[in-house]
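Chemist: Pasting a structure here, questions to come.
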Amino acid sequence: MTVAALLGAAIVIPSFLRLGRAVPSLAASIWIAVLLLRALFTILAAISLLALIPGTEAFAAISYWCWNATVPLLGTHLGVSGARLMQAITIMPLLLLSVFGVSRLTQIAKSHRAIRRRLRAVSLGKGPDGSVIVGGAQVMMGAAGLVRPEVVLSAGALTYLDDQELEAGLAHERGHIARRHSWWLAIAEVCGSIARPLPGTRHALGQLKFHLERDADHWAVARTRNPLALASAICKSASSPNPVGAFALSGDGAVARVDQLLAADANPRGSTSARRMLATLVMVLAVACVAIASSVPSAAASGVKHLGAHEPPVHCPL
């Protein structure tokens, strides 16, 4: 019941909260905690099958099947046990989740390495504030890389952005790097790939990306004190592609972000009580993540032991 209640909280509570103008770091923390909980619950659900399925009538019935498949050309008899088959089917969801997570993590690592190789190949040299300049007439600016991220901007950005817009845009991308948003997003992507069977996971991932962009806006405005310049830079880059990585100046929710910047709301604070409530919710979700994560190894060991106890009652001839 406790696990079910936490799952319900992870799905329902953030949907009812109005986080569009909340402190971006708190909102992002809530959504990444939700994604972590979703991944953990999906893993626990797969582990629970190891204990639930062996006790079913279908498992017992199929376990007593024994099929002998003959290979005519070799004249060899292959013994196939129903119990072994049911054990393999039971553990398959857990194996698939592991494959999803590892595969997504591998894709992220390969993508970032490919981006760095591409940047070395097309770089035109160093730009303002240590950025890397690439060719192109579009107004493009982004943060690329995971281990050693860099700010990348196009020649078009140098041409079409004025000094204040360029400063604000660079500050936004520096915010992604300073706040380690690439790591947040990498963790979220892996959790999202594991929790894909749960409805609403894609929405949670989209919300996280939106609030990471708001957090970078917050970081930039706090240093440049020029939200209008940042809003103008976002508008100029809105129609440009993002070939450099996960983050770009005109990233997720660009229209909503520009509206907040124009409303002088790029540094939202809200009431003290609202901030405390969100901070408390972050702590509760973090504790839930730790508690559930700590139970996964023991649950997995118990499930595998329980499944292994159901040895084939019939030994097929070899």
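The values are calculated or read from the model by the stated rules, or taken from the named source; none is laboratory data. Keep in mind that this is a model prediction, so the values were computed, not measured. Reconstructed Cβ throughout: ideal geometry from the backbone, glycine too, with neighbour counts over all protein chains shown.
Chemist: Kindly check whether there is at least one residue in the stretch 218-226 that is surrounded by 23 or more Cβ atoms within 10 Å (Cβ to Cβ) and of a type in the set (Phe, Trp, Tyr).
Modeler: Within the stretch 218-226, one or more residues are surrounded by 23 or more Cβ atoms within 10 Å (Cβ to Cβ) and of a type in the set (Phe, Trp, Tyr).
Chemist: Run down SER103, SER98 and say which single residue is assigned to a helix (DSSP H, G or I), farther than 23 Å from ARG225 by Cβ and in contact (Cβ under 8 Å) with a residue 24 or more places away in the chain.
Modeler: Just one listed residue meets the conditions, SER103.
Chemist: From the residues in the stretch 128-144 that are crowded, with 21+ Cβ neighbours inside 10 Å and part of a loop (DSSP other than H, G, I, E, B), which one is nearest to the chain's Cα centre (by Cα)? Working first, answer last.
Modeler: Taking the stretch 128-144 as the starting set, the residues that turn out to be crowded, with 21+ Cβ neighbours inside 10 Å are 131, 134, 139-144.
Remaining after also requiring part of a loop (DSSP other than H, G, I, E, B): 131, 139-140.
On the way: SER131: 27, VAL139: 27, MET140: 24 Å.
This residue is MET140.
Chemist: Another one. In the stretch 169-184, what residues are farther than 19 Å from SER237 by Cα, in contact (Cβ under 8 Å) with a residue 12 or more places away in the chain and basic (Lys, Arg)?
Modeler: ARG179
Chemist: Same structure, new question: Name the single residue that is farthest from ALA288 (Cα to Cα) among those in the stretch 30-68 being at pLDDT below 90, polar (S, T, N, Q) and part of a helix (DSSP H, G or I).
Modeler: In this case the residue turns out to be SER63.
Chemist: Against the condition of a type in the set (A, V, I, L, M), surrounded by 15 or more Cβ atoms within 10 Å (Cβ to Cβ) and either over 26 Å from VAL296 (Cβ atoms) or at pLDDT 70 or above (or both), how does LEU97 come out, does it pass?
Modeler: Answer is yes for this residue.
Chemist: Moving on. Collect the residues in the stretch 117-170 that are out of contact with any strand residue (DSSP E or B) (no Cβ under 9 Å at 6 or more places or on another chain) and hydrophobic (A, V, I, L, M, F, W, C), keeping them in residue-number order.
Modeler: Selection gives ALA121, LEU146, VAL147, ALA168.
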